[in-house]
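Here the structure comes first, spelled out in structure tokens, and everything after it is commentary.
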Amino acid sequence: MFKFFAFIDRMKYIRRWSLMRSVREENIMEHSHQVAVIAHALALIKNKTFGGNVNVEKVVLMAQYHEVGEVITGDLPTPIKYFNPEIKAAYKDLENNACQKILAMLPEELKGEYAEYVLPDTECYEYKIVKYADRISAYLKCVEEIKSGNAEFKKAKRSIENELKGIKSPEVNYYLKEFAPAYELTLDELD
């Protein structure tokens, strides 16, 4: 059991955005926390503003564990992960095997409790919200980098922004309209 938690703690050592120079390095643990916070907001927006019936707790826990497999696999940049169907399928299989290995470290009576979040049902709406939150997090990373003077993220920002605007999700549109613009402000402007 202790191995499981030691693996989870290693998320703070796995760096993200390995193909692009970043002004501020981000690790998987920080990223997972941000995705969980965004996913929580999206789930609440869906339920409170648009009359949804999303399981908020499930969304947050799925988001918290959505990158756990990368403790073993490392972070493979999105353009490589989705370069072609064969690479995408192979990487998904690798991620699945990594998650299975991590889950195997738990005592039998806890495996099922974690499995629902580490290996989620990819067809449920809660999973879609986590995927939306992950893309919003990537968009906000681009905003942060550009704001810090790193023009290397401009193309990625435009691409992700167009992708997010193309999602037919009222909660995503709401988040982009009501929350995302604040990330472009300075601390003094937030006051």
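Within the set of pairs 6 or more residues apart or between chains, which connect a residue that is touching a residue at least 12 places away in the same chain (Cβ under 8 Å) inside the stretch 43-57 to a residue that is hydroxyl-bearing (S, T, Y) and part of a loop (DSSP other than H, G, I, E, B) with Cβ atoms less than 9 Å apart?
Hits for this filter: K46/S169.
Quick one: in the stretch 44-95, of everything that is under 19 Å from I28 (Cβ atoms) and hydroxyl-bearing (S, T, Y), which residue is nearest to the chain's Cα centre (by Cα)?
Quick first cut of the stretch 44-95, residues under 19 Å from I28 (Cβ atoms) only: 59-82, 91-92, 94-95.
Pick out the ones that are also hydroxyl-bearing (S, T, Y) and you get 65, 73, 78, 82, 91.
Details: Y65: 9, T73: 16, T78: 12, Y82: 16, Y91: 16 Å.
Residue satisfying both the conditions and the ranking: Y65.
Those residues that are farther than 23 Å from L42 by Cα and β-branched (V, I, T), I need them from the stretch 138-175; list them, please.
Applying the first criterion (farther than 23 Å from L42 by Cα) to the stretch 138-175 yields 145-155.
Within the stretch 138-175, just I146 meets the criteria.
How many residues, within the stretch 44-84, are more than 24 Å from G112 (Cα to Cα) and modelled with pLDDT under 85? Outline the logic, then answer.
Here is the first cut: in the stretch 44-84, the ones more than 24 Å from G112 (Cα to Cα) are 44-52, 74-84.
Of the ones still in play, those that are also modelled with pLDDT under 85 are 74-84.
Count: 11.
Only one of R135, R158 is touching a Leu at 6+ places or on another chain (Cβ under 7 Å), charged (D, E, K, R) and in a helix (DSSP H, G or I); which? Don't jump to the end; show me each part of the working.
Numbers: R158 fails: touching a Leu at 6+ places or on another chain (Cβ under 7 Å).
Testing whether each residue is touching a Leu at 6+ places or on another chain (Cβ under 7 Å), charged (D, E, K, R) and in a helix (DSSP H, G or I) leaves just R135.
If you take just the helices (runs of 4 or more DSSP H) that sit entirely in the stretch 65-115, which of them hold at least 3 residues that are surrounded by 13 or more Cβ atoms within 10 Å (Cβ to Cβ) and in contact with a helix residue (DSSP H, G or I) (Cβ under 7 Å, 6 or more places away or on another chain)?
On the way: elements: 70-73, 78-81, 85-103.
Counting at least 3 such residues, we get 70-73, 85-103.
The values are calculated or read from the model by the stated rules, or taken from the named source; none is laboratory data. Because the structure is a prediction, the values reported are computed rather than measured. Cβ coordinates were reconstructed from backbone atoms using ideal geometry, including for glycine residues, and neighbour counts include every protein chain displayed.
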